[in-house]
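Heads up: the structure comes next, in structure tokens.
The values are calculated or read from the model by the stated rules, or taken from the named source; none is laboratory data. Note that this is a predicted model, so its numbers are computed, not measured. Backbone-built Cβ (ideal geometry, glycine too); neighbour counts: all protein chains shown. Please note that ligands, DNA and RNA were not included when accessible areas were found on the heavy atoms of the full protein model with its side chains. Shrake-Rupley method; radii C 1.70, N 1.55, O 1.52, S 1.80 Å.
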Amino acid sequence: MAQSTFPHDLVQAQRDWERTYAALSRPRPHNNTALRRRLLALSSRVLWHPFWATSTPLGRPAGGRMELRHQARAQQRDEVTAP
């Protein structure tokens, strides 16, 4: 499993964001309004997480957000491929 340099709740929020975005991108999602509201709430949770105020990984917030996405995706891949 990939080692995370981010708080667990931040990585989990990013993983939830990825899943919600994927569900919303399908043709004719069933709960379009609910998915959009959830995506907005998760976006806010990730963007305004206290971690960003205390630490800027890779020297820049944008680089840190990209690394967060990579780590969240890697953890999700690890779970799918785990026996």
Being open to solvent by less than 50 Å² (accessible area, probe 1.4 Å), over 15 Å from the mean Cα position of the chain (by Cα) and at pLDDT below 85: is that true of P57 here? yes
Quick check on segment 38-45. Is at least one of its residues at pLDDT 95 or above, touching a Pro at 6+ places or on another chain (Cβ under 7 Å) and hydrophobic (A, V, I, L, M, F, W, C)? no
Within the set of pairs 6 or more residues apart or between chains, which connect a residue that is closer than 20 Å to T81 by Cα and modelled with pLDDT under 95 inside segment 1-19 to a residue that is of a type in the set (K, R) and exposed (fewer than 14 other Cβ atoms within 10 Å of the Cβ) with Cβ atoms less than 9 Å apart? A2/R77
When you scan segment 36-52, how many residues do you find that are farther than 18 Å from H8 by Cβ and open to solvent by less than 50 Å² (accessible area, probe 1.4 Å)? 2
